[in-house]
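Below you'll find the structure, written out as structure tokens, and then a few comments.
The values are calculated or read from the model by the stated rules, or taken from the named source; none is laboratory data. Note that the structure is predicted; figures quoted are calculated from it, not measured. In this analysis, Cβ positions are derived from the backbone assuming ideal geometry, glycine residues included, and neighbour counts consider all displayed protein chains.
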Amino acid sequence: MRTTRLAATFGALAMVLAAAACGGDDDSSDEGGAGSVSFPAGTTMAKLNQAQKLRVGTKFDQPGFGLKGLSGKPEGFDVEIAKIVADGLGIPEDKIEYTETPSTVREQVIQQDKVDIVVATYTINDKRKQVIDFAGPYYIAGQAIMVKKDDNSITGPDSFKDGTKKVCTVTNSTPAANIEQYLANKDQQLVLFDIYQKCVDALKGGQVDAVTTDNVILTGFIATNEDQFKLAGETFTEEPYGIGLKKGDDKFRDFINDQLEESFQDGSYLEAWKSTAGKYDPNDPKIPTVDRY
């Protein structure tokens with residue numbers, strides 16, 4: 001799938017064969033080798049390569065990014081990003097184990113070693129970086145507001161300042177924290193659920209006046225609920241999406257960053273976008289700059 005990596009792999013294989021023909025010694029610092037790649041002994045990359053399994057936390061309810069399809073597995077841009085990481089590890093797609101990971105538990109599943117990485121529209125911020133690490137960002141989103149198609153009373157976040165309208169988002173999310181500053185009465189106006197689909201259902205039923213989260217997530221819901229919803233106003237934040245992993249695993253974080261940067265260059269990143277979220281948003285995303293903090 002990725003010609004740059006394949007070329008590098010065949011080149012490395014040729015060097016190994018040449019060394020073997022000359023009677024070279026094995027490098028005891030490396031282990032792995034499954035999938036024609038190898039990594040330094042003791043690293044997370046080596047362990048995952050040997051196990052031939054990557055545990056990925058993602059969302060199952062977000063069209064375009066992570067939506068559980070007819071196959072029984074999630075599909076979307078986040079899922080494709082996870083596949084790029086797995087590919088670099090020498091792990092085939094069918095060896096990826098997906099765990100549904102709503103916003104409320106993203107840090108916990110990493111800390112409790114239930115997943116190896118979380119790719120779940122996961123905004124990088126300083127609070128989260130106190131307990132986990134991030135690779136990336138691999139995408140820059142922006143918070144927006146979705147309303148019923150015939151509702152012209154909401155034009156942006158300032159529309160909530162009069163205290164008369166309710167807005168829904170998910171618990172422990174960046175959008176929830178961001179929208180609070182625009183609310184006259186948080187207890188009466190802010191409705192929280194564990195997944196966004198429940199917010200969409202509440203908007204359909206008239207229990208809330210709007211749903212707020214990142215623009216690309218809302219665009220997916222608009223596309224899959226034809227003629228029911230629209231975006232109200234422009235985006236009002238910048239949300240860098242990152243890949244969450246165990247805090248302090250610098251080598252693994254560097255490796256994931258390397259895979260992301262390679263995907264930006266070899267075309268696999270844009271290919272992943274066009275086949276998923278790009279179906280709802282025809283504009284190619286701006287390639288972000290990886291933050292190697």
Are any residues in the stretch 167-190 crowded, with 18+ Cβ neighbours inside 10 Å and not hydroxyl-bearing (Ser, Thr, Tyr), and if so, which ones? Val167, Cys168, Val170, Pro175, Ala176, Asn178, Ile179, Leu183, Gln189, Leu190
Candidate set from the stretch 238-262 (those that are within 15 Å of the chain's Cα centre (by Cα) and small (Gly, Ala, Ser)); member that is surrounded by the fewest Cβ atoms within 10 Å (Cβ to Cβ): Gly244
Checking the conditions here, which among Gly66, Gly88 is farther than 22 Å from Glu262 by Cα and surrounded by 20 or more Cβ atoms within 10 Å (Cβ to Cβ)? Gly66
Matching residues, the stretch 267-286, being under 17 Å from Pro137 (Cα atoms) and crowded, with 16+ Cβ neighbours inside 10 Å: Ser268, Tyr269, Ala272, Trp273, Ala277, Pro285
Where in the stretch 190-293 are there strands (runs of 3 or more DSSP E), lying wholly inside it, with at least 2 residues that are free of Cβ contacts under 8 Å to residues at least 60 places away in the same chain? 190-193
Which residue is modelled with the lowest pLDDT, if the candidates are limited to the stretch 141-176 and must be in a loop (DSSP other than H, G, I, E, B) and closer than 30 Å to Pro288 by Cβ? Asn172
Restricting the stretch 220-237 to residues that are modelled with pLDDT of 95 or more and polar (S, T, N, Q), which is nearest to the chain's Cα centre (by Cα)? Thr237
Mind checking which residues of the stretch 104-130 are farther than 17 Å from Gln143 by Cβ, touching a residue at least 60 places away in the same chain (Cβ under 8 Å) and not in a helix (DSSP H, G or I)? Asp113, Val115, Asp116, Ile117, Val118, Val119
So which of Pro40, Pro74 is over 24 Å from Asp258 (Cα atoms) and either crowded, with 21+ Cβ neighbours inside 10 Å or touching a residue at least 12 places away in the same chain (Cβ under 8 Å) (or both)? Pro74
Picking from Leu203, Leu218, Leu192, which residue would you name as being in contact with a Lys or Arg (Cβ under 8 Å, 6 or more places away or on another chain) and on the phi < 0 side of the Ramachandran plot? Leu203
